[in-house]
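S.K.: Would you mind keeping the following structure in view while I ask a few things?
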Amino acid sequence: MNRNMLSNIVEAITKQAQAHPERIAYDYRGAQYTYRDVEDQSNKLANALDAANLTAGAPVLVYGGQSFQMLVSFLALAKTGHPYIPVDTESSTDRTRLIIETAQPALIIEVADLPFETPAKRIAYHRLMPILSDVTELNFTPDYDLDRAFYVIFTSGSTGRPKGVPISHANLLSFVNWVVDSDLLGPANSLLQPPFSFDLSVMATYPTLVSGGTLKVLPQANTKSFKDLFAMLSQLEVNDWVSTPTFAELCMVDPNFNASKYPTLRSFIFCGEELTVATAAALKKRFPEAKVINTYGPTEATVAITSVEITDEMIANDRRLPIGRVKPDTTVVVRPQVMTDEQGDEILSSGELMITGPSVAAGYLNAPEQTAKVFLKNADNTMTYATGDLGHFDHDLLYYEGRLDHQIKLNGYRIELEEVAFHLRQLPAVDKGVVVPEYGKDHRVKRLVAVVVLNASLKADSDVAMRIRHDLSTTLMPYMVPARILFRDELPVNGNGKVAVKQIAQEVNEA
């Protein structure tokens, strides 16, 4: 890395506010907020939070959508030494309750109204701001401990409980410095489409703000209908596009999604799921001058740790596109795996990707047993994370080959199939049930399928299927609810007496 590296994310944003106070930092549905607004409002909120005498370093949950007040809350909390936990309004009540129960936040800031009661201390943002002091300078000296968590993102968990991943100031610095230094993102208009509860949002947010760029927000509400989606997109004048490949594929349904209609678009940066050859080829055809950049990384290693610009040669020659070259301060080791098939015979699999470096988190929040399974602290105090992802190197390019376990990605969201199955089996209508992915021809997960044995009193029909999906929607995020319900009289078992999940998955995908 050749440029002067940042030593503090929050102070870098403050410097942008000092140098360019009237520059637009955040554009939300036409409401524009300057870097002065970012600094002044986060300082005012930080002063109030500092005076509240919350437990030092305790996390604070921020509940809301993608409004400017979310960003203000995040930065105010960073200034007061409290990691923020973003929870989106699309989260189910049960999931949000579990996050609160696991994280034990010192406070809940309600940018949007929390839809249930909780014993946790809470305060509504709109009630707080009018009573704040007009002082826009910090009345305390921040302590930016690099080892302290900056934020906590909750991901899907195999036990039915979501897992919290605390990302430290040092982790985030490693990521942001790499993104900015490698010119992935910078002082331009960046699309902010993912919700803040999805760590892909971090890729757009902090590299853009430390560089003095503008975040152009595409609210989730505007992605639910094509009319609203394209009406909003056409107004944003985005330079750098950050999303999952699936979202770009959705946009390509419109033949007008091309360079002539979106002349400002100069790069597509993808993360969160596999970028297929077909999608990359279609984008390069529609936007011949734009870069298509593929990246890879788990939440546990701070968003992404590889990147590569996809070339025409890769599209022509590769069955699966590379996920990138590893960032300079990080190493990835491919650990050979020996697995057993359903008959108990050993078979050789692809290698598991082991990530070591300063962007790897220290573990899961309040979950030492889960942490011990996949995190390792090395003698030099660096951390290694066992991803469960399979892959291989071809020279310096890394290629992804799938998952080691039952964790999959659907539309960019990481899902533990056992978490979905756990909630499925809790339903009164269900006697037994498993959840398996159905794959498309591009090797990506097309949808989740629940295979169910009903309780004896029920008859399998479309009404029961609809009821199961409805009941699951009250406990799971929308993207985790199986799109298809299949009924069986019994589930097959293997030689060990366990449900033969692989056999079921094979049958679903061969049907």
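Where a number appears in this text, it was derived from the coordinates with a stated rule and is not lab data. Predicted model, so just to flag it, every value in this text is computed and none were measured. Backbone-built Cβ (ideal geometry, glycine too); neighbour counts: all protein chains shown.
S.K.: So between Ser473 and Lys441, what do we pick up on full extension, going 0.36 nm a residue minus the alpha carbon distance?
M.R.: 8.7 nm
S.K.: Moving on. Which of the lysines could be linked to Lys432 by a straight reach, that is with a Cα gap under 22 Å, when you skip same-chain ones fewer than 8 residues away?
M.R.: The qualifying lysines are Lys459, Lys498, Lys502.
S.K.: Right, something else. Given a Förster distance of 51 angstrom, what is the FRET efficiency for Thr136 paired with Asn258, based on the Cβ-Cβ distance and rounded to 0.05?
M.R.: 0.70
S.K.: Go through the stretch 255-272 residue by residue and turn each phi into a ³J(HN,Hα) via Karplus (6.51, -1.76, 1.60, θ = phi - 60°); whole Hz please, and just put x for glycine and proline.
M.R.: x, 7, 7, 7, 5, 5, 8, 10, x, 7, 5, 10, 7, 10, 10, 10, 7, x
S.K.: Can you tell me the 0 to 90 degree angle between the C-alpha axis of helix 68-79 and the longest principal axis of the chain, rounded to 10?
M.R.: Roughly 80 degrees, rounded to the nearest 10.
S.K.: With labels modelled as points extended 7 Å from the Cα through the Cβ direction, what inter-label distance (nm, one decimal) is found for Leu146 paired with Ala511?
M.R.: Here the answer is 5.3 nm between the modelled labels.
S.K.: Taking the number of other C-beta atoms within 10 Å as the exposure measure, put Phe116, Phe198 in order starting with the fewest.
M.R.: With the fewest neighbours first, Phe116, Phe198 line up as Phe116, Phe198.
S.K.: Also: Using θ = phi - 60° and the Karplus curve 6.51 cos²θ - 1.76 cosθ + 1.60, what whole-Hz ³J(HN,Hα) does each residue of the stretch 184-197 get, with Gly and Pro shown as x?
M.R.: In residue order, the calculated couplings are 5, 9, x, x, 9, 8, 10, 6, 10, 9, x, x, 5, 6 Hz.
S.K.: Any chance you could run the full-extension gain for Asn381 through Asp463? It's 0.36 nm times the residue separation minus the Cα-Cα distance, nm to one decimal.
M.R.: Length gained between Asn381 and Asp463: 24.0 nm.
S.K.: In whole Å and largest first, what semi-axes does the C-alpha gyration tensor of the chain yield when each eigenvalue is scaled by 5 and square-rooted?
M.R.: Gyration-tensor ellipsoid for the chain: 36, 28, 24 Å.
S.K.: Shifting gears a bit: Sequence-distant or interchain residues sharing an amide H contact under 5 Å with Leu138, placed H: which?
M.R.: It is none; the list stays empty.
S.K.: Quote the charge dipole size of the chain about the Cα centre in Debye, to the nearest 20; the model charges only the Cβ of Lys and Arg (+1) and of Asp and Glu (-1).
M.R.: Dipole of the chain, to the nearest 20 debye: 720 debye.
S.K.: Could you pull out every one of the lysines with an alpha carbon less than 19 Å from that of Lys327, ignoring same-chain neighbours closer than 8 positions?
M.R.: Lys291
S.K.: In deg cm²/dmol, rounded to 500, what helix-only [θ] at 222 nm does the chain give when every DSSP H run of at least 4 residues adds -39500 (n - 2.57) and the total is split over its residues?
M.R.: Mean residue ellipticity, 222 nm, calculated: -8500 deg cm²/dmol.
S.K.: Here is a follow-up. What's the exposure ranking of His423, His395, going from fewest to most Cβ atoms within 10 Å?
M.R.: His395, His423
S.K.: May I ask you to evaluate 6.51 cos²θ - 1.76 cosθ + 1.60, the Karplus curve with θ = phi - 60°, for each residue of the stretch 275-289 and list the ³J(HN,Hα) values in order in whole Hz, giving x for glycine and proline?
M.R.: My calculation for the stretch 275-289 gives 8, 8, 4, 4, 5, 4, 5, 5, 5, 5, 6, 7, 10, x, 8 Hz in order.
S.K.: Related question: If neighbour count is taken as other Cβ atoms inside 10 Å, put Ile504, Ile355 in order from fewest to most.
M.R.: So the ranking, lowest neighbour count to highest, is Ile504, Ile355.
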